[in-house]
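A.B. asks: Sharing a structure below in structure tokens format, with a few things to ask.
Every read-out reported here was derived from the displayed coordinates using simple, explicitly stated rules and does not represent laboratory data. In this text the structure is predicted, and so the values were computed from the model without any measurement. Please note: Cβ atoms are built from the backbone with ideal geometry, for glycine as well, and neighbour counts cover all protein chains shown.
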Amino acid sequence: MDLGISGKTALVCGASKGLGFGCAQALAREGVHVLLVARGAEALAAAVESLKGDAKVPAGTQVEGLAADITTEAGRAAVFAKRKDFDIVVTNAGGPPPGDFRDWDRDAWVKALDANMLTPIALMKATVDGMAARGFGRIVNITSGAVKAPIDILGLSNGARTGLTGFAAGLARSKLAASNVTINNLLPGPFETDRLRATMEGAAKKSGKSVDEVMDARRKTVPAQRYGTIEEFGATCAFLCSTHASYIVGQNVLIDGGVYPGTM
Ligand code: NAP
């Protein structure tokens, strides 16, 4: 299927690896010019090079990287100094640490809200009106399956991402929808990325088991009996960004191999 977005421009945040990279890769393979943002310059340069050398990325597709912390005003200013007229924006940053809410002070909460709620809102604020004026826009916020099924130790994530989800639900249904600007959230379940492995390493240390044992036990709880791949996450993101998805507005799309146990 031709997604109809060849030649569009995309900002993909948190894109040097993991789910963000999966989105950047899928968009670039559709001929979308992509700007990848992450803090670590080395991994980012490797990600950009791998897309430039990707035989599935059409010739003429521009792939660029910008090393910046997207959760800071300075980081976002550096991005928008390059350009502001993105057709597609994928918001993403690292998730907050797990823990017990009794240990979190105001600073811990402000940091989580900054990264996982206020940053996506700032990115939307900077881009959606231009998208509406041009008659095409796609925002995809990478959130978490924990928005639908909260995980007790991820209270910072549950709180911040649910705040973003509520805000995006309202904004998506504003006049933007009539201008072909869609705002949707992608909710990953367990995907095999560095972040997942780091979380499992923490769990392994606590339980005295090996990381592989913990990874295996978790995998067996997934109805699909496997972890998701960044390619399938990216493909869903690219579809939401496509011209075919104009009527998908304000949705929370769960990709979790069946982990969420509810009917809807
Ligand atoms: P990952 O493999 O650790 O990749 C995170 C990417 O984001 C890296 O490129 C990282 O590069 C970049 N990044 C982190 N903080 C950033 C910042 N402040 N500014 C710019 N770039 C930043 O993580 P992932 O598994 O893809 O997860 C992505 C998001 O999905 C996270 O919020 C995570 O909590 C959520 N999620 C993941 C899963 C899963 O199973 N993987 C499940 C549910 C939710 P630098 O560190 O160099 O900046």
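A.B. asks: Scan the range 81-106 for residues that are surrounded by 15 or more Cβ atoms within 10 Å (Cβ to Cβ) and either within 10 Å of the ligand (Cβ to nearest atom) or not acidic (Asp, Glu) (or both) and report the count.
C.D. replies: Qualifying residue count for the region: 13.
A.B. asks: Across the range 28-78, which residue is farthest from Gly18 (Cα to Cα) among those that are basic (Lys, Arg) and assigned to a loop (DSSP other than H, G, I, E, B)?
C.D. replies: Lys56
A.B. asks: Here's a follow-up. Pick out, from the range 172-255, the helices (runs of 4 or more DSSP H) lying fully within it that include 1 or more residues that are within 17 Å of Asn92 (Cα to Cα), within 16 Å of the ligand (Cβ to nearest atom) and hydrophobic (A, V, I, L, M, F, W, C).
C.D. replies: 194-207, 230-240
A.B. asks: What are the residues in the range 17-29 that are surrounded by fewer than 24 Cβ atoms within 10 Å (Cβ to Cβ) and either within 18 Å of Phe86 (Cβ to Cβ) or more than 10 Å from the ligand (Cβ to nearest atom) (or both), if any?
C.D. replies: Within the range 17-29, just Arg29 meets the criteria.
Rundown of residues vs (1) under 27 Å from Thr199 (Cβ atoms); (2) of a type outside the set (A, V, I, L, M); (3) in contact (Cβ under 8 Å) with a residue 40 or more places away in the chain, yes/no style:
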position: Ser16; (1), (2), (3): yes, yes, yes
position: Ala24; (1), (2), (3): yes, no, yes
position: Leu36; (1), (2), (3): yes, no, no
position: Glu49; (1), (2), (3): no, yes, no
position: Val63; (1), (2), (3): no, no, no
position: Gly75; (1), (2), (3): yes, yes, no
position: Val90; (1), (2), (3): yes, no, yes
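A.B. asks: To continue, here is another question. Within the range 119-135, can one find any residue that is under 16 Å from the mean Cα position of the chain (by Cα), among the charged types (D, E, K, R) and more than 30 Å from Val222 (Cα to Cα)?
C.D. replies: no
A.B. asks: Looking only at the range 107-126, decide whether some residue is assigned to a loop (DSSP other than H, G, I, E, B), hydrophobic (A, V, I, L, M, F, W, C) and surrounded by 15 or more Cβ atoms within 10 Å (Cβ to Cβ).
C.D. replies: no
A.B. asks: Could you tell me whether the range 140-149 includes any residue that is on the phi > 0 side of the Ramachandran plot, surrounded by 14 or more Cβ atoms within 10 Å (Cβ to Cβ) and either of a type in the set (Asp, Glu) or away from the ligand (no atom under 11 Å from the Cβ) (or both)?
C.D. replies: Checking the range 140-149: not a single residue is on the phi > 0 side of the Ramachandran plot, surrounded by 14 or more Cβ atoms within 10 Å (Cβ to Cβ) and either of a type in the set (Asp, Glu) or away from the ligand (no atom under 11 Å from the Cβ) (or both).
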